[in-house]
Structure formats: structure tokens, C-alpha cells
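Comments concern the structure below.
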Amino acid sequence: MSSICSITTTRHTTIRAAMQALDQAASGILLLLSADDRFSRTVTDGDLRRLLLDGASLDDTLATLPALESVVLHEGYTVQAALALMNKYVINHLPILDHNGMAVHLVSRLDLDEQILLSTPHMGDFEKEYVEEAFRSNWIAPLGPNVTAFEQELASHIGVAHAAALSSGTAAIHLALRLLDVIQGDIVFCSALTFVASANPIIYLGAKPVFIDSEPESWNMSPVALERALVDAHRKGQLPKAVIVVNLYGQSADYDPIIALCNNYNVPIIEDAAESLGAFYKDKPSGTFGKLGIFSFNGNKIITTSGGGMLVSQDGGLIEKARFLSTQARDPAPYYQHTEIGYNYRMSNILAGVGRGQLKVLDQRVRSRQAIFNRYQQELVDLEEMIQWMPEPDWSQSTRWLSTFTLVDKTRPADPLGLIARLAAIKIEARPIWKPMHLQPVFTNCSYYPHHADQSVSEYLFNRGICLPSGSNMTEMQQARVITALRELLREI
Ligand SMILES: *Cc1c(COP(=O)(O)O)cnc(C)c1O
């Protein structure tokens, strides 16, 4: 809640001082307090002008202001009630009083009415400088110093040796699969619970995805299901060329058992860390566990270049090859010669400038998202019986890229889509959990290994899960609106 001290005034205040205070107040109203500090009435520019017209001087006080029954609301008000009052009286601000009649807050129409989005870009102070430098030097495209510096800065931030900046996270996954020689007819394992971009590149290469379920502790790839899938594949003589392990909503998968299993069968891991930049697994940064790791800088991710991605690895040869493939696989010949099929997947020098600025504030962005999650969790403890937050195992340091929960109230059927629609009606954007890949029409014929024969965790999460607005640039008032709305809606349904 924002402080209201700067907009309170008393009957001893001079008209001159009140006018100055009004000038400072963005809301255009002051709250007049009575001698016992209770709210008395609102004061606007028009009220002061009427006093002056009636013969008062600037040095007179507000003592002669007539009493007035101002429109107010009381704590615990609903958003709908507040908007209805504002519409009825054609006003944009309402004082909120506590049960003692003390003003605790001034709520504005914008606070109530403004669309709250799931996750929006949040620029820092340096992005523009890097982009302007690119303009100054006319280093607009294609490569350039920002690209090289962004690669080095990101690599050193997460402690990995090599990185290639690309046009998207999807491009990074596509190249990772190419680098591991995935070709037509090959099998690739992939987390079932993810965004479709994790799996699409398998199809681009004519390979076949096999989807692996989540485990309940982290919502990420189930080592139990992975083991069954590997045993089966080994028996059939059809081991996968790669396993794409996804880190969901800012949280790492449980890599120790996953790596042990993959090493056992000699299958390389591609770590899809698109959603987990800034997270840790047992004190080691997310993105550094696979033979190759990928990040996304899409607009809704924790940091963004408007669109972009990064491929990282300890293996310099692989990253060198990625740079080659991402720039149309041009042979080192004096003319345009190609012996391999390449892609146009490189990041531009302009966007890499945005990325460098964003990387400077990554740690701040992580802390903001964690703080938003902590606030949701603390302030909604009274809903414990109805919602269960995404768990964070003790080996995980999640960024809480998105604050997510499942509806667990046993007294009624879970209806995440109904809740999402009700939130949308009051301009709060929430989203369902990813629809698992094995349930996607486009992947109907693909194999799927559930956590246990009779327990499909990803389906359970999809049927109950909700992602809340989590942007690092959300205001306290916006967070409060989400909290109040959730409580109202879950208590009322
Ligand atoms: C965003 C995302 C991607 C794709 O990244 P783009 O940069 O949008 O191509 C891949 N995997 C997951 C899990 C994602 O959330």
C-alpha cells in the first residue's frame, strides 16, 4: 500500500500550503483529517478556489471548509464495489478507511481498472546505451561487439565456457539437436510438461519424440519415468539420440538422478533452461547441466531481448559449429559455398545490446519475482486448503519466473479455466499450466511414460494448475489486487 502521509492535511493548514501539497499530489486530492486523526473529507482544487472566491486569503487556514460527506470505502472493499462507486460519482479516487475511520489508502481508478499482465518486459538503465552505441557505430547488423560481449557476459554469469547468441530459444534447441546428429527416424526424449517449443525442433529434423512425465516434487522430468523409458528403449535397441530436460517456471529439474541415468546409457542431455535463467540446482546455475543448454529471451521471460536465445556448452567445438550452422553454414571459401544445410539463426547486434543491459539487472529481476511469490504465499495462507503452490525441493533455488499453484480443494471439482475467466473479467491475466505434449493433437501418436503406471503427474497439474501475474515490474497495488481477487473468487465459488 502506498503511503498517504503526503496527501493528508488538517484544518490548521493554510490555503497556500494546501495548494502546494495539491500541486505535488498526483491524485489531485487531499484528505482532510479531524483533530482525532480520523478522516473528515476530501479537498480538491475547486474547494480551495471557492474559499478564495468567498474572500479568504492564501494565509487563512482550512478551518472554514464546510463539512462534507465524501464518498469513501472501507477496508475489505471489492474491486467491483470500488469501480461502481467511482462510476456513480464520476470520480477517479476513493479514500479507503479502516474500522476506526482512519484513512489508510487512496485507491485510484487506474489501480483498479488497469490490465495486469502475466509477465511483461522490464527494462533496466543500460539497454539504451548499448543499443545507441550500435547506432553510433552503425553496427546494426548482423554481428558485432554487442553479440560477442553478450555471449561472454552470459557465459561468465552462469560459469560456462562457451555461448552462441541466437534468434530464439527454439532456434537454440533446433541447433542443439543438429549438433548431436539427430536425423530422420531418430528418437528424442523430451519432458511432457512444457511449452511446445521444446518439442517442435524434434519434428523439424524428422525425429520422433517420446514424452516423459513430471514428478510431483519439482513438476519437472520424473527420473522414475525416464528410467522406465530408457530400459524399454535399450531393450528395443532404440536408445534416444538426446534427452531434452525442461526446467519449468524458474525451477531446475532433479539433475543428479537424471544425469546418472543418461550417463548409464550414454545419452546426451539438452537442458531447456528457457524459463530458468538465474535459478540453481544444488548451488550450480541452471543451464549448465547438459552437454548443451539453451536460454530464451522472448518477451515474457525473466529477461528479454524482445526475441532471442542462447546456446551454451563447455564444449567449444560444439558452439563453434553452432555459429557456423546459424549463419547459413558457409564454407571457408572465397565464394559462397555450402556443404551443409544451415540456418539464419544469429542474434543481431542491436538485440544483443538489449540483452547486455538486461543481464546487468538479472539478479534484481530474480529477487523481485521471488518476492512476489513470497508475498502471494504469505498473504494467502488462509487459502491453504484450496491451493497448493508449486513446491520447491531443498535442492532447488527457483527464480519463481511464474508464481504457480494447483487447486486442491477436495470439496469441489477443480476448475482452473473458470477461475482464469473470472480473473480475466476483472482485468487480471492468469494462464493455465502448459498442456502436456502427449495430449497435444499434433503429437497424438507419440509414446508417453507417466510417472507411475497409474499416475500421470503432468495431466494432474494441467487439470488443476494456474499461473499468476508475476512480472518483476508489478506494483505493490497490482500484487494486492491479485491477492484480493483470488481470495474473493476462491471463497465465493
Ligand atoms: C519460451 C520457451 C522456449 C522457446 O523460446 P523462444 O525464444 O520463444 O523460441 C522453449 N522452451 C520453453 C520451456 C520455453 O518456455
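Report yes if some residue within the range 218-230 is within 16 Å of the ligand (Cβ to nearest atom), under 29 Å from the mean Cα position of the chain (by Cα), crowded, with 16+ Cβ neighbours inside 10 Å and in contact (Cβ under 8 Å) with a residue 60 or more places away in the chain; otherwise report no. Checked the range 218-230: at least one residue is within 16 Å of the ligand (Cβ to nearest atom), under 29 Å from the mean Cα position of the chain (by Cα), crowded, with 16+ Cβ neighbours inside 10 Å and in contact (Cβ under 8 Å) with a residue 60 or more places away in the chain.
Mind checking whether some residue in the range 469-483 is in contact with an Asp or Glu (Cβ under 9 Å, 6 or more places away or on another chain), buried (at least 16 other Cβ atoms within 10 Å of the Cβ), under 21 Å from Glu217 (Cβ atoms) and modelled with pLDDT of 95 or more? No, the range 469-483 contains no residue that is in contact with an Asp or Glu (Cβ under 9 Å, 6 or more places away or on another chain), buried (at least 16 other Cβ atoms within 10 Å of the Cβ), under 21 Å from Glu217 (Cβ atoms) and modelled with pLDDT of 95 or more.
Scanning the range 132-174 for residues that are within 16 Å of the ligand (Cβ to nearest atom) and out of contact with any strand residue (DSSP E or B) (no Cβ under 6 Å at 6 or more places or on another chain), we see that the one that is nearest to Tyr204 (Cα to Cα) is His174. When we screen Leu83, Leu53, Leu30, Leu118 for residues that are under 30 Å from Lys427 (Cα atoms) and over 33 Å from the mean Cα position of the chain (by Cα), the only hit is Leu30. Within the range 3-20, restricting attention to residues that are within 17 Å of Pro95 (Cα to Cα) and among the aliphatic types (A, V, I, L, M), the residue that is surrounded by the most Cβ atoms within 10 Å (Cβ to Cβ) is Ile7. Applying the selection to the range 175-191, what residues are under 24 Å from Ser458 (Cβ atoms) and either within 12 Å of the ligand (Cβ to nearest atom) or not aliphatic (A, V, I, L, M) (or both)? Hits for the range 175-191 are Ala176, Asp186, Phe189, Cys190, Ser191. Based on this model, can you work out whether Ser458 counts as surrounded by 15 or more Cβ atoms within 10 Å (Cβ to Cβ), in a loop (DSSP other than H, G, I, E, B) and small (Gly, Ala, Ser)? No; evaluated as a whole, the condition is false for this residue. All of (1) out of contact with any Gly (no Cβ under 8 Å at 6 or more places or on another chain); (2) at pLDDT below 95 hold for Tyr130 with one exception: (1). Taken over the range 149-180, the criterion of being over 24 Å from the mean Cα position of the chain (by Cα), surrounded by fewer than 16 Cβ atoms within 10 Å (Cβ to Cβ) and in contact (Cβ under 8 Å) with a residue 60 or more places away in the chain is satisfied by Ala161 alone. Of the candidates Leu239, Leu230, the single residue that is modelled with pLDDT of 95 or more and either closer than 13 Å to Ser447 by Cβ or in a helix (DSSP H, G or I) (or both) is Leu230.
The values are calculated or read from the model by the stated rules, or taken from the named source; none is laboratory data. Quantities reported herein were computed from a predicted structural model and do not represent experimental measurements. FYI the Cβ positions are ideal-geometry reconstructions off the backbone, even for glycines, and counts take in every protein chain you see.
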